[in-house]
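The values are calculated or read from the model by the stated rules, or taken from the named source; none is laboratory data. Just so we're clear, the structure is a prediction, and the values are computed from it rather than from any experiment. Every residue, glycine among them, receives a Cβ derived from its backbone with ideal geometry; neighbour counts consider all protein chains shown.
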Amino acid sequence: MNKQLLLEKYIKVAVRKALKEEEAKQQRATKAMYLVYRFPGLKKVMIELMSPSFGRFIQDVTLTAPKPTTFNIKLINDQEFYVIYDGRKNWTSKISGKRYNMQELSEIERGSQAIADLLELSYALDEKALGGGEAPPSPDAGAEAFSAAASAPEITPPAEEPAPEAPSEETPPAEA
């Protein structure tokens, strides 16, 4: 086969692979948004906390507990927070261990800021995928470096060879 045919075949395979990945990503996004649209109150809370375009920043939404109805929202940078339905149109969000009542404007604003802080913790998009430089180090990079250093074989200096000893002179036993 000549170079032109190989190049065409490579391009076709690359395009198919990219299309499959994009389709899988779209299916995951649709599945994640199913619960948000199934519970209209949850959609309203997400719009209040983030913005009407909150879908861009959400990777997954799962129902964690039936009573009180608790939703686990996973952000695109693998951070997560919880939204809890307490009943009678009362929603609470639990972000970074702090609870925010969604009935009070000041707490909604603090909750929004807490989500913004979660999104800032690590890059939302992989820079390698965008073609720009190296990806940021993983959060456990220090631990990985430590374990690599700890598992490295110890380098011991070579043992020194003893200096040649001078023949010792033995004194013959004294004869009496």
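Within region 19-50, the residues that satisfy the criterion of being out of contact with any Phe, Trp or Tyr (no Cβ under 7 Å at 6 or more places or on another chain), aliphatic (A, V, I, L, M) and under 17 Å from N72 (Cα atoms) are A29, A32, M33, V36, L49.
What tally of residues in region 1-21 results from selecting those that are loosely packed, with under 10 Cβ neighbours inside 10 Å, part of a helix (DSSP H, G or I) and of a type outside the set (K, R)? Outline the logic, then answer.
Looking only at region 1-21, we keep the residues that are loosely packed, with under 10 Cβ neighbours inside 10 Å, and these are 1-5.
The next check asks that each one be part of a helix (DSSP H, G or I); those that pass are 3-5.
Then keep just the ones that are of a type outside the set (K, R); that gives 4-5.
Number satisfying all stated conditions: 2.
The condition of being under 23 Å from R99 (Cα atoms) and at pLDDT 85 or above holds for only one of K43, K17, that being K43. D60 - would you say it is acidic (D, E) and under 19 Å from the mean Cα position of the chain (by Cα)? So D60 fits the description; yes.
Kindly indicate the residue of region 79-106 that is among the charged types (D, E, K, R) and either surrounded by 12 or more Cβ atoms within 10 Å (Cβ to Cβ) or modelled with pLDDT of 95 or more (or both) and also farthest from the chain's Cα centre (by Cα) among those meeting that condition.
Taking the candidates together, the pick is D86.
Of all the listed residues (V13, V36, V83, V45), the sole one being more than 24 Å from A116 (Cα to Cα), out of contact with any His (no Cβ under 8 Å at 6 or more places or on another chain) and among the β-branched types (V, I, T) is V13.
Given the criteria buried (at least 16 other Cβ atoms within 10 Å of the Cβ), in contact (Cβ under 8 Å) with a residue 40 or more places away in the chain and more than 23 Å from the chain's Cα centre (by Cα), does L42 qualify? Before you say what the answer is, go through the steps one by one.
On the way: buried (at least 16 other Cβ atoms within 10 Å of the Cβ): yes; in contact (Cβ under 8 Å) with a residue 40 or more places away in the chain: yes; more than 23 Å from the chain's Cα centre (by Cα): yes.
Against the criterion (buried (at least 16 other Cβ atoms within 10 Å of the Cβ), in contact (Cβ under 8 Å) with a residue 40 or more places away in the chain and more than 23 Å from the chain's Cα centre (by Cα)), L42 qualifies.
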